[in-house]
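Throughout, read-outs are computed from the coordinates displayed, never taken from laboratory work. The structure presented is a predicted model; accordingly, all values stated were derived computationally and were not measured. Here the Cβ positions follow ideal geometry from the backbone for every residue, glycine too, while neighbour counts run over all protein chains shown.
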């Protein structure tokens, strides 16, 4: 009877423990999702890329076709291609259901972040050896990481690719038959979100190559992974060429403006400048979270892992040794991948957090494997302190920015809309597009590609070129920002609006437009917008930036030639 009671009590205890293990992750995810929904519209600052990407999705929805380009760019070089089509299609479906607004397009990112956390938790559970608390604590560490939250709020593709990264990693570690073709097919499809799928392909390609060289997988499996990726890449490029015959030349030409053709020495300098930029939080238009502590801890973790693998390999259990080497391999793949691409977007650093957090996981597991209680408790205290630090710093950062942005964007859009004539055809900044998408709208970056009277690209842009462009598109309203006056005095910042402008001389784009407004414009309204009156992230909220709405009336006798324009 006593044994029966003991067995029953033990079974009940195990059931409660199992229920708690299922309840805590679900409750944690629900709390994370709910709290992030509250700040989704206010954190971070609205970036023009969000309007750019979602504006194209909206155009696809209106035209009922995926094969269109951005309506607000008629001269700025754009082309139809297969990359990003799945992303825009998904965004368009959400816009159709919930309307075109900032919350809708950011909600997609938040859902992707939630999926990534679930996959990450399952990955850690699969790898967990010594402590059942490790997966939950490390998932909480990822969920509270400010870089991850930032990506899960921003209406860009990085967080969707991060979810793909976690799914591919989980597939790799399950050891299931057919995992290699499933991984490569998933990565190939993710290129329809963004070309940075190459980073994921390279990271796991390096890992699979390492496993082949150490005889852990067969050559057939390596070729299976590489073969399907190559076929996927050829298919995507081939489809893009059928849509735009000059796709490769145009894509490479656009990449040149971003220095992707730099020599190896220059690439290395650009890479070091990239990490310096992240550490110092110095950026042009992207808000950069403070990730210094993670860069320091990550560097320290890499050094410790290398020391253990090279000097003390016999002290490690086989799963821990494999986990550490795999994490280092994935991070090396990220490092080499962005070096090969040569494109150093600040938001891409998110992909480095996955291998670094896996590395933290295995190092902490190593502490929990110790026979000494003091060492095991040290590991638990360390991870708890990291989670507390991550949660408190993220809450502080989000609260501080939300206090500044809670009504700033709505007020900015309302101030513009209240004073725009009903028949407005607007030339303005894409930052305002969420409020002006129902009007004919052209982004000011088109002016950098204005044509002269012969139909060739104007260099430099003159007043007559500006007038020609305004007349061609029947633009009668211009939104002028005092930021443009600042750029005229500090031409280095013209890079925010002119992709290939490298001169230290003041841009003629803004000076010519200002001259046209002085001669033919009438000010309708002027207001202050300290946050959205500028795209320079360091100056947001630190200066009473002005936004001015002009109505323009161009005389019919203004010299203009449409001979070449009519043939476009």
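Summary table below
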item	result
Cα centroid of region 445-481 to Cα centroid of region 342-361, whole Å	41
Residue 438-residue 538 pseudo-label distance in nm [points 7 Å out on the Cα-to-Cβ vector]	4.0
Simple spin-label estimate for residue 343 and residue 273 in nanometres, 7 Å along Cα-Cβ	1.8
Distance cut-off 37 Å, percentage of C-alpha pairs in the chain lying past it	39
Full-extension gain in nm, residue 93 to residue 295, via 0.36 nm per residue minus C-alpha separation	69.0 nm
Computed over region 408-567, Cα set: Rg, Dmax in Å	15.4, 47
Sites residue 22 and residue 376, calculated FRET efficiency, Cβ-Cβ separation with R0 35 Å, nearest 0.05	0.90
Protection-proxy order for peptides 224-232, 149-157, each taking the mean of Cβ atoms within 10 Å per residue, highest first	149-157, 224-232
At R0 = 30 Å, FRET efficiency that the Cβ-Cβ distance of residue 317 and residue 393 yields, to 0.05	0.35
Separation of alpha-carbon centers, region 261-304 and region 79-100, rounded to whole Å	31
Two-site label geometry, residue 226 and residue 266: point separation in nm, points 7 Å out along Cα→Cβ	3.0
Mean Cβ neighbour count within 10 Å, used as a protection proxy, ranking 275-282, 429-436 highest first	429-436, 275-282
Computed lengthening from residue 385 to residue 248, 0.36 nm per intervening residue step minus Cα-Cα distance	44.3 nm
Rounded to 5, the percent of DSSP beta bridges in region 408-567 classed as antiparallel	70
Part-to-part distance (alpha-carbon centres) for region 151-221 and region 383-417, which is given in Å	32
Linear extension gain, residue 303 paired with residue 67, 0.36 nm per residue minus alpha-carbon span	80.1 nm
Cα-based helix-to-principal-axis angle, 463-472 vs the chain, degrees rounded to 10	80
Protection proxy ranking, peptides 244-254, 323-333, 210-220, average beta carbon neighbours within 10 Å, highest first	323-333, 244-254, 210-220
Sum of -39500 (n - 2.57) over DSSP H runs of 4+, divided by residues of the chain (222 nm, nearest 500)	-20500 deg cm²/dmol
